[in-house]
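S.K.: Got a structure for you, questions after.
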Amino acid sequence: MSSNNQNTLRFITCGSVDDGKSTLMGRMLFENNSIYKDQLEELKSASLKYSKSKEIDYSMLLDGLSSEREQKITIDVAYRYFQTKKRKFIVADTPGHQQYTKNMITGASNSQLAIILVSAKKGILEQTIRHSYICSLLGIKNIILAINKMDIVNFDKNIFDKISKKYMKITKNYDFNKISIIPISALHGYNVVKKSKKINWYYGPSLLSILEKASINIKNDNNFALPIQLVQTNKQNKRRYLGLVTGGSIKVKDDITIFPSLTKNSIKNMFFHKKKLIQAEEGDVISIELNKEVDISRGDIFVKNTNSFILSDRFKADLIWMDINPAFIGRLYYIKIGHIMVGAQILKINFKDNNNQLKKDNIIKLEMNELAYAEIQLEKQTSTSLFKKNKMLGSFILIDRINKNTIGIGMIRDHSNLASNIFYSQSFVTKKHRNIANGHKSKVIWFTGLSGAGKSTIARKLEKRLFKTGMKTYILDGDNLRTGINKNLSFTENDRIENIRRVSEISKLMIDAGILVLVCLISPYENERKTAKKLFKKGDFIEVYVKASLKTLEKRDVKGLYKKARLGEIKDFTGISSPYEVPVNPNMIIDTEKNNIEESVNMLFNKIKPII
Amino acid sequence: MNYKKLNYSYLENQSIYIIREVAAEAKNPVLLYSIGKDSSVLLHLAMKAFYPEPIPFPVLHVDTGWKFSEMYKYRENIKKKFNIDLLVYKNAEGEKNNVNPFNHSSETYTDIMKTQALKKVLDKYNFDLAIGGARRDEEKSRAKERIFSIRNNKHSWDPKHQRPECWNTYNLQLKSDQKMRVFPLSNWTELDIWTYIHKEKIDLVKLYFAKKRPFVFREKKIIMIDDNRFKLNKGEKIIHDFIRFRTLGCYPLTAGILSKANTIKKVLDEIFNSKQSEREGRLIDKDEASSMELKKLQGYF
């Protein structure tokens with residue numbers, strides 16, 4: 001929680017691989033007497049087993065997974081808890097490897113201070129800068145640069161000064177309030193808990209005393225905000241709104257505005273458990289009763305000052321990608337902001353360098369662990385804040401629609417200057433009127449399948465049957481569209497996504513015009529088919545999988561394309577050199593190896609006619 | 001720092017926030033309850049989170065049949081006192097085959113009566129999300145775990161592929177073959193738990209407090225004799241002295257400690273000055289090196 005509790009400091013240790021993060025924390029816990037006897041025994045036997053050493057390997061206190069101990073690296077963040085006479089500490093020991101950056105970010109997101117380790121021998125490395133930059137993006141203001149392994153460089157002050165100077169120069173544009181720099185040896189414990197005589201030119205306090213005195217200031221701005229987490233209705237049908245105060249404070253009788261409806265209301269009662277509250281502030285979880293009973297749902301936000309929140313469907317944000325599959329412009333994801341989850345897509349990706357300066361414009365994809373400055377489009381107008389004003393309502397996570405993983409996170413930086421709010425103009429004659437006039441519903445029948453599976457052949461015959469019954473029909477054929485509107489698109493992953501987007505949008509217009517649309521498109525990715533489906537009302541999108549094995553198709557090879565693809569004459573050919581993801585849950589499957597064309601068309605006609 | 005001055009309200013707020021998030025988003029959640037001190041705190045927090053309404057999901061005790069008899073009495077009391085929708089599940093197959101901690105290795109016993117039992121009951125009721133009282137502070141593999149932690153269809157944890165978890169924005173979305181475990185007490189330490197119990201006056205099983213009880217020394221551990229199912233080994237003598245438990249599990253597998261601490265205040269002082277970790281008395285943690293990690297891979301919570 002973001003409460004400003006001076007009793008407990010949450011911090012991370014980060015920096016490059018092998019700079020001694022886990023060893024440092026192990027040493028600190030050991031010297032602070034925070035390791036129990038039985039844990040020490042376990043540590044001794046683990047040191048013997050994995051390090052083949054009778055000396056205690058302190059890093060194993062933190063590296064608790066057997067695969068970490070075997071490889072002698074940190075894979076995922078470990079949390080440890082200790083206390084001194086002054087305060088309590090929660091430390092997140094994070095991995096240094098670039099491939100585990102997402103785990104470092106997990107630890108950093110809830111931290112108030114970062115210890116960045118540098119090896120005196122190796123100096124500032126790429127990961128040192130990267131981790132510092134990430135800390136800056138995540139709003140960590142208090143930094144301790146611990147220059148480690150001073151014993152290896154004979155406690156040389158020149159080396160320490162050089163590294164310090166370089167670090168200050170690199171981070172001068174970062175959003176830090178305070179940088180403390182300290183020379184240490186984690187292995188020997190010099191300057192860790194106690195000051196060491198070995199480094200007599202250093203006059204500052206030990207690392208632990210810096211931690212004990214560090215100020216904890218991570219409050220959001222003073223604007224009251226309460227995103228509604230849960231709505232309770234009791235037997236008398238009275239409602240209570242439950243949530244976490246994420247900024248400012250609130251008193252009973254205060255007037256509030258509710259986003260997104262912008263209706264006015266006021267606080268009747270506030271509770272925490274059995275206790276009636278007069279006032280609540282940032283970090284408190286409370287229940288509220290309002291003076292006017294209105295329709296409020298999870299994700300709505302109570303505010304006092306409407307200026308600090310923006311209702312919009314577009315913003316710019318620092319985006320960190322965390323999934324093995326890259327992010328693509330135009331692909332539809334879920335976004336979770338506070339308690340709201342909606343569809344979202346990335347409109348634009350720009351890179352920044354480690355100096356927070358924009359580097360390169362309009363990238364089309366983002367790989368795992370890459371940072372970018374991106375423009376995000378939401379499916380609907382949503383109330384958000386800026387990250388610097390409110391961490392919870394100015395940040396978001398992106399979720400994959402299919403595997404449901406958290407695939408990216410972001411910090412909202414800008415709502416302004418966006419060509420937003422283009423409202424779709426609703427004409428007076430609607431789809432409903434057109435459907436009634438035509439005597440049938442307009443839908444899209446989406447044929448997907450490998451090249452040569454029979455999508456177009458089946459669609460043409462089906463169209464003829466439907467047309468004969470008096471229906472308004474039209475075929476959108478992938479191959480044909482590529483000679484016109486999609487002429488400028490190739491067969492790369494990006495262009496295939498764009499191809500599908502355009503075809504979906506055209507189909508949508510045609511449906512609105514009252515036409516039964518038959519789309520014949522390889523459409524190889526489940527994600528894009530889902531995205532297409534999302535554009536339409538439930539039941540308006542019928543996915544038909546035209547199935548044939550690659551073996552059969554290569555045998556058929558009517559157009560001779562498979563042969564060419566095998567010879568490498570056609571690049572990015574679906575099924576050969578580009579993937580085809582079999583539909584997970586299509587509305588219909590036409591197996592062209594089991595049924596001939598006439599049978600297939602009959603089956604489709606009988607299924608589709610009754611629902612049109 | 002002096003534990004008497006500890007401010008735990010941020011811990012309480014975080015736990016309540018997590019429990020409410022489950023109620024808001026999970027399809028079919030359940031709260032795991034093991035009668036011990038952490039479970040008692042968890043249950044207390046869950047009641048606080050929704051007061052004056054009841055906890056909006058069931059509470060489940062996976063019973064091995066080998067809990068201390070005082071624990072069963074206490075459980076029935078709690079159920080009545082708070083009017084809790086409590087499910088009790090025992091692995092019938094294990095019971096039929098008389099799987100017990102005396103005749104079977106602790107490994108086999110724990111696997112069948114705890115891990116397999118938990119998996120069976122989660123499948124039986126189709127619970128997609130189970131809230132547990134585990135803390136990161138307890139054990140080194142638990143220190144690595146997310147608050148909202150994914151399990152596969154076999155309830156197994158994959159520590160190398162955990163989801164990122166940033167700020168308080170939790171991802172509760174699941175694929176159809178995935179399940180989730182949630183740990184609202186992740187950031188609590190043993191001392192936090194006891195301070196909170198003290199401050200909130202939470203009622204506990206009396207075994208946590210010192211009393212003269214019968215026990216034997218077995219492999220240097222204090223094993224209490226709870227009923228006549230206990231089998232004395234050759235040369236073992238029954239001793240009567242003041243003992244208490246820092247952690248409670250199945251009775252022959254949980255060792256007590258010699259202690260005179262018979263009030264919460266005394267217990268707090270004792271823990272504050274302890275040189276041993278609380279799970280020191282858990283024999284099942286030490287079956288093999290990294291054994292908690294192994295158990296978690298198999299579906300233990």
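The values are calculated or read from the model by the stated rules, or taken from the named source; none is laboratory data. Keep in mind it's a predicted model, so treat the numbers as computed, not measured. No Cβ is skipped: glycine too gets one built from the backbone with ideal geometry, and neighbour counts run over all protein chains shown. Heavy atoms of the whole protein, side chains included, go into the accessibility calculation; ligands, DNA and RNA do not. Shrake-Rupley method; radii C 1.70, N 1.55, O 1.52, S 1.80 Å.
S.K.: If packing is taken as the mean number of other Cβ atoms within 10 Å per residue, what is the order of B:98-104, B:10-16, highest first?
M.R.: Working: B:98-104: 15.3, B:10-16: 24.0.
Packing order, densest peptide first, comes out as B:10-16, B:98-104.
S.K.: Please compute the average number of Cβ atoms from other chains found within 10 Å of each residue's Cβ in peptide B:48-54.
M.R.: Per residue, the average neighbour count from other chains is 5.
S.K.: Okay, moving on. Over all residues in A:60-70, what is the mean tally of Cβ atoms on other chains that come within 10 Å of each residue's Cβ?
M.R.: Mean partner shielding for this stretch: 4.
S.K.: Counting helices only, and only those DSSP H runs with n ≥ 4, report the 222 nm mean residue ellipticity of chain A as the sum of -39,500 (n - 2.57) divided by its residues, in deg cm²/dmol to the nearest 500.
M.R.: On the way: 15 runs with 153 residues, N = 612.
Taken over chain A, the calculation gives -7500 deg cm²/dmol.
S.K.: For chain B, what is the percent of antiparallel DSSP beta bridges, rounded to the nearest 5?
M.R.: On the way: 18 of 31 bridges.
If we restrict to bridges inside chain B, about 60 percent are antiparallel.
S.K.: How much of the accessible area of region A:225-306, in percent, comes from carbon and sulfur atoms when a 1.4 Å probe is used?
M.R.: Ligands and nucleic acids excluded, carbon and sulfur give 46 percent.
S.K.: I need the phi-derived Karplus couplings for region A:21-26: 6.51 cos²θ - 1.76 cosθ + 1.60, θ = phi - 60°, integer Hz, Gly and Pro marked x.
M.R.: Ordered by residue, 3J(HN,Hα) equals 5, 5, 4, 4, 5, x Hz.
S.K.: Mind putting a number on the dipole of chain B about its Cα centre? Charges go on the C-beta only, +1 for Lys and Arg and -1 for Asp and Glu, and I need it in Debye to the nearest 20.
M.R.: Working: 55 positive and 39 negative charges, 133 e Å.
The calculation lands at about 640 debye.
S.K.: Over the alpha carbons of region A:8-213, what is the largest minus smallest coordinate on each principal axis, giving the biggest first in Å?
M.R.: Principal-axis extents of region A:8-213 (Cα, largest first): 45, 38, 34 Å.
S.K.: Evaluate peptide B:11-19: per residue, the Cβ atoms of other protein chains within 10 Å of its Cβ; return the mean as an integer.
M.R.: Average neighbour count from other chains, rounded to a whole number: 5.
S.K.: To the nearest 10 degrees, how steep is helix A:37-51 against the longest Cα principal axis of chain A, on a 0 to 90 scale?
M.R.: The angle comes out at about 70 degrees.
S.K.: Past 27 Å, Cα to Cα: identify those pairs from A:Lys316/A:Lys534; A:Lys432/A:Lys468; B:Lys80/B:Lys199; B:Lys67/B:Lys120; A:Lys21/B:Lys266, in the order given.
M.R.: Details: A:Lys316/A:Lys534 24 Å; A:Lys432/A:Lys468 23 Å; B:Lys80/B:Lys199 23 Å; B:Lys67/B:Lys120 19 Å; A:Lys21/B:Lys266 37 Å.
With Cα atoms farther than 27 Å apart: A:Lys21/B:Lys266.
S.K.: In whole angstrom, and with the biggest value first, how far do the Cα coordinates of chain A range along each principal axis?
M.R.: That works out to 95, 70, 46 Å along the principal axes.
S.K.: Using modelled amide H (1.01 Å from N, peptide plane; none on Pro or chain starts), what sits under 5 Å from the amide H of A:Gly15, excluding residues fewer than 5 places away?
M.R.: A:Leu117
S.K.: Could you list the trypsin sites (Lys or Arg not before Pro) in region A:85-127 that lie in coil according to DSSP, counting only those with at most 11 other Cβ atoms within 10 Å of their Cβ?
M.R.: A:Lys85
S.K.: I need the peptides B:21-28, B:219-226, A:387-394 ranked by packing, meaning the mean over residues of other C-beta atoms within 10 angstrom, with the highest value on top. Please list the in-between numbers first.
M.R.: Values: B:21-28: 18.4, B:219-226: 16.1, A:387-394: 22.5.
Top to bottom by mean Cβ count within 10 Å: A:387-394, B:21-28, B:219-226.
S.K.: Same structure again: For A:Ile515, what charge total do you get from the other residues with a beta carbon under 13 Å from its beta carbon, if Lys and Arg give +1 and Asp and Glu give -1?
M.R.: Counting the neighbours of A:Ile515, the net charge comes to +3.
S.K.: Applying the Karplus parametrisation 6.51 cos²θ - 1.76 cosθ + 1.60 with θ = phi - 60° to the phi angles of region B:242-247, what ³J(HN,Hα) value in whole Hz is obtained for each residue in order, glycine and proline being reported as x?
M.R.: My calculation for region B:242-247 gives 6, 9, 8, 10, 8, 9 Hz in order.
S.K.: Can you give me the P(r) profile for region A:529-612? Cα pairs, bins 5 angstrom wide beginning at 0, each as a whole percent.
M.R.: Result returned by the calculation: 3, 12, 18, 19, 17, 15, 11, 5, 1, 0.
S.K.: Using a 10 Å cut-off on Cβ atoms, rank the peptides B:128-134, B:74-80, A:20-26 from the highest mean neighbour count down.
M.R.: Output ranking for B:128-134, B:74-80, A:20-26: A:20-26, B:128-134, B:74-80.
S.K.: Kindly flag which residue pairs out of B:Lys144/B:Lys206; A:Lys235/B:Lys124; B:Lys79/B:Lys211; A:Lys276/A:Lys388; A:Lys455/A:Lys594 have an alpha-carbon separation exceeding 21 Å in this structure. Walk me through the numbers on the way to the answer.
M.R.: Values: B:Lys144/B:Lys206 32 Å; A:Lys235/B:Lys124 31 Å; B:Lys79/B:Lys211 25 Å; A:Lys276/A:Lys388 32 Å; A:Lys455/A:Lys594 15 Å.
Pairs exceeding the cut-off: B:Lys144/B:Lys206; A:Lys235/B:Lys124; B:Lys79/B:Lys211; A:Lys276/A:Lys388.
S.K.: Over chain A, what relative contact order in percent results from Cα pairs under 8 Å that are six or more residues apart?
M.R.: 9
S.K.: Expressed as a whole percentage, what fraction of the accessible surface of chain B belongs to carbon and sulfur atoms when a 1.4 Å probe is rolled over the protein heavy atoms?
M.R.: 50
S.K.: What residues qualify as long-range amide H neighbours of A:Leu277, i.e. H under 5 Å apart, gap of 5 or more or another chain, H built at 1.01 Å from N?
M.R.: Residues meeting the amide H criterion: A:Met270, A:Phe271, A:Phe272.
S.K.: In Å², and per residue, what accessible area does region A:431-611 have when probed at 1.4 Å with the other protein chains present?
M.R.: For region A:431-611, the solvent-accessible area averages 52 Å² per residue.
S.K.: Could you give the accessible area per residue of region A:67-224, probe 1.4 Å, as a whole number in Å²?
M.R.: On a per-residue basis, region A:67-224 sits at 40 Å².
S.K.: Please identify the trypsin sites (Lys or Arg not before Pro) of region A:131-221 that satisfy two criteria: DSSP loop assignment and at most 11 other Cβ atoms within 10 Å. Which are they?
M.R.: Here the trypsin sites (Lys or Arg not before Pro) that fit, given the DSSP loop and packing criteria, are A:Lys172.
S.K.: Do you know the relative contact order of region B:204-286, to the nearest whole percent, from alpha carbon pairs under 8 angstrom that are 6+ apart?
M.R.: 32
S.K.: Quick check: the angle from helix A:455-468's long axis to the longest principal axis of chain A, C-alpha only, nearest 10 degrees?
M.R.: 50
S.K.: So how tilted is helix A:126-137 from the main axis of chain A? Cα-based, degrees 0 to 90, rounded to 10.
M.R.: The two axes meet at around 80 degrees.
S.K.: In percent, what relative contact order does chain B have, based on Cα pairs under 8 Å that are 6 or more apart in sequence?
M.R.: 21
S.K.: Would you mind checking the pairs A:Lys44/A:Lys122; B:Lys48/B:Lys265; B:Lys37/B:Lys260; A:Lys352/B:Lys160; A:Lys121/A:Lys194 and listing those with alpha carbons more than 26 angstrom apart? Mind dumping the intermediate values first?
M.R.: Values: A:Lys44/A:Lys122 29 Å; B:Lys48/B:Lys265 24 Å; B:Lys37/B:Lys260 19 Å; A:Lys352/B:Lys160 30 Å; A:Lys121/A:Lys194 23 Å.
Those over the limit are A:Lys44/A:Lys122; A:Lys352/B:Lys160.
S.K.: Additional query: I'd like the carbon and sulfur percentage of the solvent accessible area for region A:8-213, probe radius 1.4 Å, heavy atoms only, ligands and nucleic acids excluded.
M.R.: Of all accessible area on region A:8-213, carbon and sulfur atoms account for 50 percent.
S.K.: Right, something else. Just to be sure I understand: if you take the accessible area of chain A alone plus chain B alone and subtract the pair, with a 1.4 Å probe, what total do you get in Å², rounded to 100?
M.R.: The A and B chains share an interface burying roughly 6100 Å².
S.K.: Another question, if that's okay. Give the shape of region A:456-612 as rounded, prolate or oblate, defined through the alpha-carbon gyration tensor: a ≥ b ≥ c are the square roots of its eigenvalues, a/c under 1.5 means rounded, and otherwise the shape is prolate if a/b is larger than b/c and oblate if not.
M.R.: oblate
S.K.: Sticking with this one: Shape of region A:23-88 from its Cα gyration tensor (a ≥ b ≥ c, root eigenvalues): rounded if a/c is under 1.5, otherwise prolate when a/b > b/c, or oblate?
M.R.: Taking the square roots of the gyration eigenvalues as a ≥ b ≥ c, region A:23-88 is oblate.
S.K.: Still on this structure, I have one more. At 1.4 Å probe size, with every protein chain present, just tell me what the per residue accessible area of region B:27-186 comes to in Å².
M.R.: 37
S.K.: Does region A:423-494 come out rounded, prolate or oblate by the C-alpha gyration tensor, with a ≥ b ≥ c the root eigenvalues, rounded set by a/c under 1.5 and, if not, prolate when a/b is larger than b/c and oblate if not? Walk me through the intermediate numbers first.
M.R.: Details: a/c = 2.84, a/b = 1.33, b/c = 2.14.
It comes out oblate by the Cα gyration axes.
S.K.: State the Cα centre-to-centre distance between region B:1-60 and region B:248-275 in whole Å.
M.R.: For region B:1-60 versus region B:248-275, the Cα centre distance is 24 Å.
S.K.: Considering only C-alpha atoms, what is the centroid distance from region A:157-235 to region A:267-290, in Å?
M.R.: 34
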